[in-house]
Amino acid sequence: MNDRKGLLVRVAADQTEGGGYWNGPADSKTQQFVYVAIPEGAPMRPGLGKPYAGLGPPLAGLGATLPGHLSSRNMHLDPDFDHLTYGDRGERAKQIRAKLGPGDLLVFYAGMRDLQPPEGLIYALIGLYVVEDIVPALTVPAERRHENAHTRRFLSMDASDIVVRARQEVSGRLERCIPIGNYRERAYRVWPTLLKEWGGLSVSNGYLQRSARLPELLQVDRFYRWFREQNVALLPRNN
């Protein structure tokens, strides 16, 4: 499929205000990790909150604990690998709707705190979706609002909000993370060797950042072939 498209999306908690001032843990030796989403900043529909407290067991499995400032808050759990959904809004949602359709890829990566000394950040892939469909969040029926962070919110959706639904069996959270880059030339960037294997990205020199413009995979079939060669299972669960 030479016309297949793919976008790279940064997700999960980080050191920014919107990211909760904390990075989830990962072990660079075993590539085990815990998916820790960003904090939820909007009121939630009754009974649909996703509390950080639920991360206690998987964090304990890596010898980590939640910081106090997050322990009583809800997560903006997006992507939600339990339901194979991803929501977005504004310019990013517009880009996703314009570029992606059934069979295209959304590839998720995160910056996580390495548990191995010396402590630093691991920039790694943590999930992949093969798109099934993309729908306006406002059209999601009440019985399916629990499936995504945007539809779990109370009175905060607008016409730009979308929900991406992914295909079963070929989508999910990675069983282990796949490191993809490090800090060089004053920024975190995809390793040059990987950029070559993937066939390139639309951003300069593999630049990794949160942005209104999502990096586009220039040769999706090459990337997907590389990804499948990593032999990492895709799990339909968050942790």
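The values are calculated or read from the model by the stated rules, or taken from the named source; none is laboratory data. Remember, it's a predicted structure, so these values are computed and weren't measured experimentally. Using ideal geometry, Cβ is built from the backbone for each residue, glycine included, and neighbour counts are taken over all protein chains shown.
In region 125-136, the condition of being over 29 Å from Pro46 (Cβ atoms), among the hydroxyl-bearing types (Ser, Thr, Tyr) and part of a strand (DSSP E or B) is met by no residue. Would you mind stating whether Val163 is of a type in the set (A, V, I, L, M, F, W, C) and either within 18 Å of Leu214 (Cβ to Cβ) or free of Cβ contacts under 8 Å to residues at least 60 places away in the same chain (or both)? Yes: the conditions hold for Val163. Could you check region 73-120 and list, in sequence order, the residues that are small (Gly, Ala, Ser), in contact with a strand residue (DSSP E or B) (Cβ under 9 Å, 6 or more places away or on another chain) and modelled with pLDDT of 95 or more? If the condition is that a residue be small (Gly, Ala, Ser), in contact with a strand residue (DSSP E or B) (Cβ under 9 Å, 6 or more places away or on another chain) and modelled with pLDDT of 95 or more, then Gly87, Ala93, Gly101, Gly103, Ala110, Gly111 are the ones that fit. Only one of Gln95, Gln116 is under 17 Å from the mean Cα position of the chain (by Cα), over 20 Å from Asn238 (Cβ atoms) and surrounded by fewer than 19 Cβ atoms within 10 Å (Cβ to Cβ). Can you tell me which? Of the residues listed, the single one that is under 17 Å from the mean Cα position of the chain (by Cα), over 20 Å from Asn238 (Cβ atoms) and surrounded by fewer than 19 Cβ atoms within 10 Å (Cβ to Cβ) is Gln95. Would you pick out the residues in region 88-119 that are without any contact (Cβ under 8 Å) to a residue 60 or more places away in the chain and among the small types (Gly, Ala, Ser)? Once the filter is applied, which keeps residues that are without any contact (Cβ under 8 Å) to a residue 60 or more places away in the chain and among the small types (Gly, Ala, Ser), region 88-119 yields only Ala98. Checking region 7-14 against the condition returns a match, with at least one residue being surrounded by fewer than 19 Cβ atoms within 10 Å (Cβ to Cβ), of a type in the set (D, E, K, R) and outside any loop (DSSP other than H, G, I, E, B). Just to be sure before I move on: is Leu208 at pLDDT below 95, in contact with a Phe, Trp or Tyr (Cβ under 9 Å, 6 or more places away or on another chain) and surrounded by 15 or more Cβ atoms within 10 Å (Cβ to Cβ) in the structure I sent? Answer is yes for this residue.
The C-beta contact set for region 204-219 (first residue touching a residue at least 12 places away in the same chain (Cβ under 8 Å) and within 12 Å of Val9 (Cα to Cα), second residue loosely packed, with under 15 Cβ neighbours inside 10 Å and not aliphatic (A, V, I, L, M), distance under 6 angstrom, 6+ apart or interchain) comprises Ala212/Glu91; Pro215/Ser202; Glu216/Ser202. The condition (being modelled with pLDDT of 95 or more and at positive phi) is satisfied by just one residue among Glu175, Glu169: Glu169.
If you go through region 29-41 and keep only what is surrounded by fewer than 18 Cβ atoms within 10 Å (Cβ to Cβ), modelled with pLDDT of 95 or more and over 27 Å from Leu218 (Cβ atoms), you end up with Lys29, Thr30, Gln32. Just one of the listed residues (His146, His150) is out of contact with any strand residue (DSSP E or B) (no Cβ under 7 Å at 6 or more places or on another chain) and touching a residue at least 40 places away in the same chain (Cβ under 8 Å), namely His146. Residues that are among the acidic types (Asp, Glu) and assigned to a loop (DSSP other than H, G, I, E, B) were ranked within region 104-124; the one that is farthest from Ala13 (Cα to Cα) is Asp104.
Could you tell me whether any residue of region 89-100 is farther than 30 Å from Thr30 by Cβ and of a type in the set (S, T, N, Q)? Scanning region 89-100 turns up at least one residue that is farther than 30 Å from Thr30 by Cβ and of a type in the set (S, T, N, Q).
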